Amino acid sequence: MANTQQNYFELFGLEPNFFVDQKDLSSKLKRLLQSAHPDRHAQGGSQQQMLAMQKTTRLNDAFAVLKNPVKRAQYLLQVEKDLDTTKDHTVNDPEFLMQQLELREELDTISRQKDASELMGFAEKIEQMSEQQEAELGDLFQQNPWDLDALKVSIYKLQFLHKTLHDIELAEDKILD
Amino acid sequence: MALLQISEPGQSTEPHQHKLAAGIDLGTTNSLIATVRSGKAETLADANGKHTVPSVVHYVKQDGSDELEIVVGHKAKEQQAIEPGNVISSIKRLMGRGLADMDKIKEFSANKLVESESGMPGVVLDNGIEKNPVEVSSDILRTLADRAEETLGGELGGVVITVPAYFDEAQRQATKDSAQLAGLKVLRLLNEPTAAAVAYGLDTGSEGIHAIYDLGGGTFDISILRLQKGVFEVLATGGDSALGGDDFDRAIAQYLVEQAKVESDDRRAHQLAMIKARDIKEALTDTDTVDVNFLDWSGQMSRDQIEEIIAPIVDKTLLSCRRTLKDAGVKVDEVDKVVMVGGSTRVPLVREKVEKHFKVPPLTDIDPDKVVAIGAAIQANVLIGNKSDDDMLLLDVIPLSLGVETMGGLAEKIIPRNTPIPIAKAQEFTTFKDGQTAMAIHVVQGERELVEDCRSLARFELRGIPPMVAGAARIKVTYQVDADGLLQVLAEETTSGVKADITVKPSYGLSDDQITNMLQSSFSHAEGDMGARMLREQKVEAARVIEAVTAALSENGKELLSEDEYAAIQSSLEQLNQTSQGESIEAIENAIEVVEKNSNEFASRRMDASIAKALVGHEVDDI
């Protein structure tokens with residue numbers, strides 16, 4: 001009996017795992033939506049249409065989580081260890097905290113100067129750091145058993161880098177205006 | 001309301017019945033209606049062979065008479081130069097807008113704008129009539145629908161109406177309201193560039209990354225889509241819902257007005273300048289110079305000259321293109337095709353600049369005026385259930401971020417722009433005063449940080465929060481956006497379960513009651529027949545529900561339900577069967593509701609099972 005709701009991995013027919021083939025995920029989403037999307041139920045009654053909207057919403061939501069390494073890692077810890085890592089960040093890593101401050105300052109300076117090419121260079125640097133961090137996070141998830149404290153810190157670091165990339169985009173918007 | 005009939009996707013329950021459906025492009029300057037006939041989508045012409053209907057309405061009122069004659073299209077447009085005070089054009093610019101938004105376009109409008117009761121701008125005509133934008137659009141829609149119903153020889157079962165992708169909530173809702181007022185069933189609001197992509201994609205079978213550049217009379221949209229095996233996936237969309245070919249005209253008119261030294265309050269002269277400007281722009285599409293006589297001024301204008309005047313407007317559209325590509329995560333050289341949509345893309349400078357920007361020659365194979373209506377007709381035909389074996393699927397996004405006002409007048413984003421729809425997102429808030437029992441929720445849309453720079457969509461209150469210390473309440477605010485891009489907001493205090501919700505109706509819009517009243521005043525019902533008809537309809541509905549649920553139970557009820565659940569549904573069915581023999585409409589209605597409530601979880605599991613099947617049997621293809 002399909003009584004309990006499937007988790008996001010199960011929805012896509014996947015084992016809970018940090019490593020997700022993005023191409024496969026995206027093609028599965030399309031197959032699932034072919035069946036679930038409200039447009040495929042336009043001739044059904046209002047209950048059927050409401051359900052189709054709910055199912056599609058959940059699929060879109062699941063896809064967004066599984067696509068993003070930070071959200072995927074957080075979700076995986078929640079599913080497997082019932083651990084909420086979305087709140088309360090206490091990172092006791094002075095070196096990283098210092099680096100964090102320096103990167104923020106660098107971005108502030110570039111934003112003030114409105115220097116587009118400087119900003120591009122900075123973005124590339126952060127992207128590279130972000131890729132490295134993601135690889136490190138992947139390594140941690142491959143260890144058995146998981147070192148939960150190390151995972152928390154690693155997720156937080158990646159999250160910080162993603163946030164910085166987002167802020168770079170906002171700064172770019174401002175330069176374009 | 002068919003219940004539990006989870007038909008296989010795309011399968012029509014009655015395969016041989018062809019239902020009438022149409023796609024409507026409700027444009028700022030021109031509108032069109034199209035339908036699929038014998039497998040081919042085509043726009044419908046009037047008796048004179050004209051396909052486009054100018055989005056112009058002439059309200060004719062004879063002196064001393066209450067009769068109002070509504071003239072839509074070419075005839076109304078002809079009257080524009082003769083009695084501009086009784087003719088309304090470019091009404092789409094006012095849809096979902098408040099009077100305060102109108103400053104920019106007031107000057108060149110022949111009509112006086114006032115604030116009406118609903119907060120919408122009202123257009124006051126010389127003959128004393130006042131019309132709001134929803135009513136005017138509804139008159140245009142009715143004219144189009146009449147044309148389709150005459151041509152096709154039957155009532156339309158549903159329509160797909162296109163809207164600019166960059167339309168916000170208020171503008172979408174206003175569009176849906178006007179369709180409702182025209183007595184039309186809206187199958188879907190479809191974004192114009194997505195409709196164009198459908199027309200192109202299905203016509204040519206082309207795949208890959210497409211940029212749809214859509215410059216209409218009053219709106220500009222740019223959408224980046226990925227086309228793959230019948231799936232049209234919008235990656236990002238952007239634009240400006242108040243920028244279009246009208247702005248070219250206005251810039252040229254401004255030049256004329258300056259040359260002829262027209263007084264700034266001479267509305268008539270400004271209106272004439274707009275008409276003249278449009279003629280000049282069109283003439284210079286094919287020739288290099290044109291002689292101009294405007295009031296006391298006469299002279300020559302060259303294409304170079306008007307290109308200089310309009311270049312800043314075109315450049316503004318290219319800036320949007322750049323941003324949207326960035327949002328889509330697509331580099332300019334990854335774009336395989338650029339499709340031109342909208343009459344304003346006929347302007348040579350637009351084509352030149354777009355080609356230079358995307359580095360590919362833009363496609364204009366399908367008439368840029370008709371392509372949107374054709375795409376809408378194809379989608380309408382699928383949604384009404386005429387096409388059965390088709391895999392076509394449109395995956396769209398929200399164009400603008402949806403947020404909520406937080407402390408200090410800041411807008412916090414709940415759903416960021418370009419998120420695929422339908423989608424729901426929740427955010428938790430708390431009280432900031434001890435004993436606080438209510439919380440105001442202000443729903444906003446836009447990209448800016450300050451609430452005052454965003455569009456206000458709705459305000460509502462969550463009341464009855466049990467008194468607690470500050471910060472103890474947990475207020476979960478959920479935004480749900482449906483496939484039309486329309487928003488519903490739910491607020492709930494989770495420790496106590498106190499709830500409030502709102503279907504977002506724009507601050508400048510019509511309430512459901514207002515629409516019902518307007519509809520009722522336009523139809524007259526024979527009271528006595530109504531009751532009998534409603535009872536008959538309820539009985540038919542009850543029979544349908546019983547049949548559907550019984551069939552579903554025998555198909556996989558045993559598999560998907562516990563014994564108790566099964567029994568509960570079974571007994572509510574028996575109850576409904578008995579009640580439906582009686583004469584009480586209300587009792588039947590209630591009994592149907594009970595069945596629906598009891599079987600909702602079952603329907604949900606049935607759908608899950610059917611969706612899960614989509615993953616099976618495809619694995620081989622992927623290797």
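Here are some notes:
- By the beta-carbon count within 10 Å of each Cβ, the least crowded to most crowded order of B:SER31, B:SER401, fewest first, is B:SER401, B:SER31.
- Within segment B:534-623, the GluC sites (Glu not before Pro) that combine a DSSP coil assignment with at most 11 other C-beta atoms in a 10 angstrom radius are B:GLU583.
- Euclidean distance between Cα centres, segment B:548-564 to segment B:444-476, Å: 43
- Too-long pairs where the Cα-Cα distance tops 29 Å, listed order kept, from B:LYS40/B:LYS359; B:LYS261/B:LYS281; B:LYS281/B:LYS356; A:LYS23/B:LYS185; B:LYS176/B:LYS370: B:LYS40/B:LYS359; A:LYS23/B:LYS185
- The percentage of C-alpha pairs in segment A:126-177 whose separation is greater than 14 Å is 57%.
- Centre separation in Å (Cα based) which lies between segment B:396-432 and segment A:95-141: 26
- The GNM of chain A, with springs linking C-alpha atoms under 10 angstrom apart, assigns the highest mean-square fluctuation among A:LEU83, A:LEU25, A:LEU101 to A:LEU101.
- Net charge contributed by nearby residues that have their C-beta within less than 9 Å of B:LEU462 (K/R +1, D/E -1): -1
- Each stretch of four or more DSSP H residues adds -39500 (n - 2.57); spread over every residue of the protein assembly as shown, this sum gives -15500 deg cm²/dmol at 222 nm.
- Partner shielding of B:416-423 amounts to 5, given as the average count of beta-carbon atoms from other chains within 10 Å of each residue beta-carbon.
- The lysine pair count for segment A:94-176, using Cα distances under 17 Å and pairs eight or more places apart or on different chains, is 5.
- Applying the Kirkwood pairwise sum to the alpha-carbon positions of chain B produces a hydrodynamic radius of 27.0 angstrom.
- In degrees, nearest ten, helix B:585-612 long axis to first principal axis of chain B (Cα): 80
- Reported to the nearest whole Å, the Cα centre-to-centre distance from segment B:22-63 to segment B:178-256 is 18.
- Exposed-loop-free span, longest in chain B, where chymotrypsin sites (Phe, Trp or Tyr not before Pro) count as exposed if DSSP calls them loop and at most 12 other C-beta atoms lie within 10 Å: B:1-431
- Within straight-line reach of B:LYS476, meaning a Cα separation under 21 Å, sit the following lysines at least 8 residues removed in sequence or on another chain: A:LYS55, A:LYS71, A:LYS87, B:LYS413, B:LYS425, B:LYS433, B:LYS499, B:LYS505.
- Summing +1 for each Lys or Arg and -1 for each Asp or Glu among the other residues whose beta-carbon sits under 12 angstrom from that of B:TRP297 gives -1.
- Of B:LYS75/B:LYS131; B:LYS50/B:LYS316; A:LYS30/B:LYS613, pairs whose Cα-Cα distance is over 24 Å: B:LYS50/B:LYS316
Coordinate-derived values only; no laboratory data. Computed from a predicted structure; not experimentally measured. Virtual Cβ from ideal backbone geometry, glycine too; neighbours counted across all protein chains shown.
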